[in-house]
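The values are calculated or read from the model by the stated rules, or taken from the named source; none is laboratory data. None of the values given here were measured: they were computed from a predicted structure. Methodologically, a virtual Cβ is constructed for each residue, glycine included, from the backbone with ideal geometry; neighbour enumeration extends over all protein chains shown. Surface areas here come from the heavy atoms of the whole protein model, side chains and all, with no ligands, DNA or RNA. Shrake-Rupley method; radii C 1.70, N 1.55, O 1.52, S 1.80 Å.
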Amino acid sequence: MTRYESNPFEEEEVNPFADQAGKGKGSGQPSYGGGPFYMTNPGSVPPANSRLSPLPPEPYDRGSTIDIPLDSGKDFKSKARELQAKEAELKKREQELKRREDAISRAGIVIEEKNWPPFLPIIHHDIANEIPIHLQRLQYVAFTTLLGLCLCLLWNIVAVTTAWIKGEGPTIWFLAIIYFISGVPGAYVLWYRPLYRAMRTDSALKFGWFFLIYLVHIGFCILAAVAPPIIFKGKSLAGILPAIDLLGNNALVGIFYFIGFGLFCVESLLSIWVIQQVYMYFRGTGKAAEIKREAATRTMMSAL
């Protein structure tokens, strides 16, 4: 190294307030300003006191607190009053609903939900939950007689239709349709529902109404099983007499009428058993004397 070359490792005191640009130009020393420097000699090292560009400031201070507005005490009290008002309104509605339900129950009004048959509910029927356990078997048999009447009248339509096709005329067919349309709903309304309610509420008057209408039902079944020639020669009902009459002319129609006769006979026997069992229960519980007292009371009230 010659004497004219500067020592790159020599430390030099640099005044930061001096004019670095001028010094660099006049002394032949490299300038290390605020901007990037350029090394002309690859072996040289920048001095330790060189200044670099400062980092950009952070967008926000991580240690600073964030002000979250909180509800004042006044807002909290107003919301509490609103909740209390809503709670009081709900309690008032519950009390009103309970009062109405109690009034309905005292009046004897029962809301019945239709639940039978399951695929198309048209009536309310719940023997297992509403009928006392010692009366459920009798109620089921009574319900069987209702379904049996439906089957008898439906088969009666089939038998009369075959007779009509074989030349007996359309009048008997229209009568068979009328029997079915009026007989099935009429049986449910007139005697099965009164029996169901009598079993459920133990009402003497409903038992009396059931006995009256069920005797008419038994009389119709016996009349249909015999089918005397009093209405259009009796062929509108599939009984024994028209079955014998038609068996000689057409065996198929006669067989259909004989099947109808058997169905009406079974229905009559089951119905007689049901009314006998209901009457035994009615007499055994003392309902006969009760219905007499109720009838006398009603008669006296009507007279007054």
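Taking all protein chains together and a 1.4 Å probe, the residues 76, 180, 174 rank 76, 174, 180 from largest to smallest accessible area. Taking 7 Å steps out from each Cα toward its Cβ at residue 93 and residue 129 produces label points 2.5 nm apart. Stretched out straight at 0.36 nm per residue, the stretch from residue 273 to residue 222 would grow longer than its current Cα-Cα span by 17.0 nm. Where a ≥ b ≥ c are the square roots of the eigenvalues of the C-alpha gyration tensor, would you call region 80-176 rounded, which needs a/c under 1.5, or, failing that, prolate if a/b is larger than b/c, or oblate? It is prolate, given that a/c is not under 1.5 and a/b is the larger ratio.
Taking all protein chains as shown and a probe of 1.4 angstrom, residue 302 keeps an accessible surface of around 100 Å². If you sort 147, 138 by accessible surface, 1.4 Å probe, largest first, the order is 147, 138. Computed extension gain for residue 300 through residue 113, at 0.36 nm per residue and net of the alpha carbon distance, reaches 63.6 nm.
Projecting label points 7 angstrom from Cα along Cα→Cβ for residue 201 and residue 158 puts them 3.9 nm apart. Computed extension gain for residue 147 through residue 281, at 0.36 nm per residue and net of the alpha carbon distance, reaches 46.0 nm. The label point for residue 100 and the one for residue 252, both projected 7 Å from the Cα toward the Cβ, are 6.0 nm apart. Each residue of region 143-151 was assigned a 3J(HN,Hα) from its phi angle through the Karplus expression (A = 6.51, B = -1.76, C = 1.60, θ = phi - 60°), giving 5, 5, 5, 5, 5, x, 5, 4, 5 Hz with x at Gly and Pro. Phi-derived couplings, Karplus 6.51 cos²θ - 1.76 cosθ + 1.60 at θ = phi - 60°, listed residue by residue for region 227-236: 6, x, x, 10, 10, 6, 6, x, 7, 7 Hz, with x used for Gly and Pro. Solvent-accessible surface (1.4 Å probe) assigned to residue 166 amounts to roughly 120 Å².
Ordered from highest to lowest accessible area with the whole protein assembly present and a 1.4 Å probe, 137, 193 read as 137, 193. Taking amide H positions as modeled 1.01 Å from N, with prolines and chain starts lacking one, no residue 5 or more places away or on another chain lies under 5 Å from residue 231.
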